[in-house]
Every structure is written in C-alpha cells, then in structure tokens.
1. Distances over 16 Å make up what percent of all Cα-Cα pairs in region 1-60?
2. Quick one: net charge of SER96's neighbours, Cβ under 14 Å, K/R +1, D/E -1?
3. Mind giving me the FRET efficiency for GLU20 and ASN207? R0 is 35 Å, r the Cβ-Cβ distance, nearest 0.05 is fine.
4. Show me 233-244, 121-132 ranked by packing, highest mean number of other Cβ atoms within 10 Å first.
5. Subtracting the Cα-Cα distance from 0.36 nm times the residue separation, let me have the gained length for ARG91 to ARG56 in nm, one decimal.
6. With a Förster radius of 22 Å, plug the Cβ-Cβ distance of GLU256 and ALA221 into 1/(1 + (r/R0)^6) and report the FRET value to the nearest 0.05.
7. Can you check what the net charge comes to around LEU68, using other residues whose Cβ is under 10 Å from the Cβ of LEU68 (Lys, Arg +1; Asp, Glu -1)?
8. Above 25 angstrom, tally the Cα pairs of region 7-176 and express them as a % of all pairs, no decimals.
Amino acid sequence: MPWLTQLADVARRTGFEVVEEPGWRTRGHGEMYPIQGVVCHHTAGWNDLHVVRDGRPGLDGPLSQFWLSRRAKIHVVAAGKSWQNAPSTSRHHQNSNSIGIEAENDGKTPWPADQLRAFKALSAELCNEFGLTASRVCGHKEVNTSKVDPHSLNMHQFRVDVAHLMTNPANGVDDMPPPKDLWQYELKVPYGDQENPTWQAGNILANHGTWLRKISGQLDAARIREESQTAVIRELATALGNAGGVDVDAFLARIEQALDRVTVQVSISPEPEE
Ligand SMILES: [Zn+2]
C-alpha cells in the first residue's frame, strides 16, 4: 500500500464536494504502511489549506492527507505520509499507518452541521476502504497527550455516528461507550431499528441483562461450591479429632489461614453470549 492514490475516489463516495489539490498524488513524506486508523483534527485557524499542504516553519508539509473546509468541501492534499500525529500514543495512529483529516476550525467556534456531517462521512468511507472498524477513528486528543483537537467533539458519539454511516454497520464500533454516553445518546435509538441492528439501545440493554444474569448465576454456583467445601473440611477435621491426637480448633484455624492466601478466580466471558 504505497501511495494512497485512491483517496479522491474514496472521498467522492461521501457525496460531498471534493477538490483535488494539484500534485496531491505524489505529495507526501514517503509511502504509507497498511492503513490502521484515522485521526481527526482541527486546524486551529481559518483559510489554512496552504499550511496543511506546505507546512509551517519547522515542519514541512504535508501535515495531513485531507483538509476539510468549514463549508464541507473535502480537499485531497496528499497521498503519502504526512506529519499529522507524532508522537502517537496509539500504534494504530502513527504518521506511517494512519490518515489525517484536518478540519478548518479555529479551535473554539462551534462546528457547522454540514462540516461535521462531512467529517463523519469521510471517516466512514475511509473505514470502508481500508477495512477498519469505527473504533479506529480517533480524535487527535485521544492519541496524543499534548493535543486538544478536535475541540468539543465527543469522540465516542462521533464513532457511533461513523458506524451508522458505514456500508456494513455490523463492522461498527468495538469499543463500548461510557455508560453516560450510552444513556445520553444510545437510548434515543428505538428498539428494533432496522438500519442499525448492532446499536439499538434495546439490544444493548437486553444483552447486558443477559450478561448480568449469567454472572449472577456463576457467582451463586461459586458460593455454593465454597460453602460445601467448607462443610467437608469441617467434617474431616472433626473426624481426625475424634481419631485422637489432633486439636480440631487449631487445625481449622490453620486451614482458614491457608484459604485466606488463596486467590479465587472467577472466569466470566467479556461479551454476552447469544
Ligand atoms: Zn491535530
């Protein structure tokens, strides 16, 4: 996967207007490794396509493969490696194996609805093209400890929306949003939504109910087993005491000490089973 010369075609699949910046097919700091992620940015300025394309003092362009204007036009800037995220805290979001989308915004102005739609649609088409789940779409602020962009966007909700836009929503997000987001956003989706079988709030809650019942059953079984084992130990200790020569209380105390050192492991599968 050397130079990503398909990026303009991928962008056009969003239905948003695409501008191919002259020379984009050969622009980049070398070829790419297989694509594993998408990084979403804000540019911290306005009318700054030239910065993303040509760079700034101390950092040569391109700084990203895409520049997304506030009017929701997708500009294809580069087909090669771009200096968009280093040092990355994620192995899937390095300069060499991830695609950057720099969205025009000064870092505080609210996002225009169309630009936000294009941002998500482009992320979804990139996931479709490179076989990624929506979970691989990250904000710069999530994969680089010194960054705050893209400002004010809840990236969990962003990924849920990206998953909805993907050709195959079953490839959706494989990370579960925090409970707050589940309640705030997912519950708006009615049970039985045909377009979005993986992300129905009703299904999520039903799955969790099943899972909780299963855990509860496993814990009950573990408790019953522990109680019966304790009873057997007491019975054996008493039998030894009756046989003579054994201090039953001291013996039980030693067994209890030994049991305190035992780590009990309960194995619970991480996902509800269908
Ligand atoms: Zn950034």
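Only the coordinates and a few stated rules stand behind these numbers; no lab work does. Keep in mind the model is a prediction, meaning the values are calculated, not measured. Cβ sites come from the backbone with ideal geometry, for glycine too, and all protein chains shown count toward neighbours.
1. Result for the distance tail: 60 percent.
2. Computed value for this residue: +1.
3. 0.20
4. Top to bottom by mean Cβ count within 10 Å: 121-132, 233-244.
5. Stretched fully, the ARG91-ARG56 segment lengthens by 10.0 nm.
6. 0.50
7. +1
8. Above the 25 Å cut-off, region 7-176 has 20 percent of its Cα pairs.
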